[in-house]
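Scroll down for the structure; my scribbles are underneath it.
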């Protein structure tokens, strides 16, 4: 994969923390920022996926609704029984 250079603006204190951590991890500052950005993107995408899954399951009937649905189906069966 090709690398692309870019310029970003950071608060001085954040840059100093990043430089310290990069030294501790024995990676370049660019590699540290790339790792951090990859992690952020992964977490963001996972959060979005979780929100989508939760939205789908939000409409699943709870136990009370399921019980009412069963009662309605039984009642309907008794009404139409023998009509077919």
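The values are calculated or read from the model by the stated rules, or taken from the named source; none is laboratory data. Computed from a predicted structure; not experimentally measured. Neighbour counts run over all protein chains shown; Cβ positions are idealised from the backbone, glycine included.
Going by the structure shown, is residue 37 in contact with a helix residue (DSSP H, G or I) (Cβ under 8 Å, 6 or more places away or on another chain) and in a helix (DSSP H, G or I)? Show your work before the answer.
Working: in contact with a helix residue (DSSP H, G or I) (Cβ under 8 Å, 6 or more places away or on another chain): no; in a helix (DSSP H, G or I): yes.
When the stated conditions are applied, residue 37 does not pass them.
Take the conditions in a helix (DSSP H, G or I) and either in contact with a strand residue (DSSP E or B) (Cβ under 7 Å, 6 or more places away or on another chain) or at pLDDT below 90 (or both) and apply them to residue 43. Does it pass? No: the conditions fail for residue 43.
Is it the case that the range 53-61 has a residue that's in a helix (DSSP H, G or I), surrounded by 10 or more Cβ atoms within 10 Å (Cβ to Cβ) and either under 26 Å from the mean Cα position of the chain (by Cα) or free of Cβ contacts under 8 Å to residues at least 24 places away in the same chain (or both)? Walk me through how you get there before you give the answer.
Step one: of the range 53-61, the residues in a helix (DSSP H, G or I) are 53-57.
Next, from what is left, pick out any that are surrounded by 10 or more Cβ atoms within 10 Å (Cβ to Cβ): 53.
When the remaining residues are screened for being either under 26 Å from the mean Cα position of the chain (by Cα) or free of Cβ contacts under 8 Å to residues at least 24 places away in the same chain (or both), the result is 53.
Yes, the range 53-61 contains at least one residue that is in a helix (DSSP H, G or I), surrounded by 10 or more Cβ atoms within 10 Å (Cβ to Cβ) and either under 26 Å from the mean Cα position of the chain (by Cα) or free of Cβ contacts under 8 Å to residues at least 24 places away in the same chain (or both).
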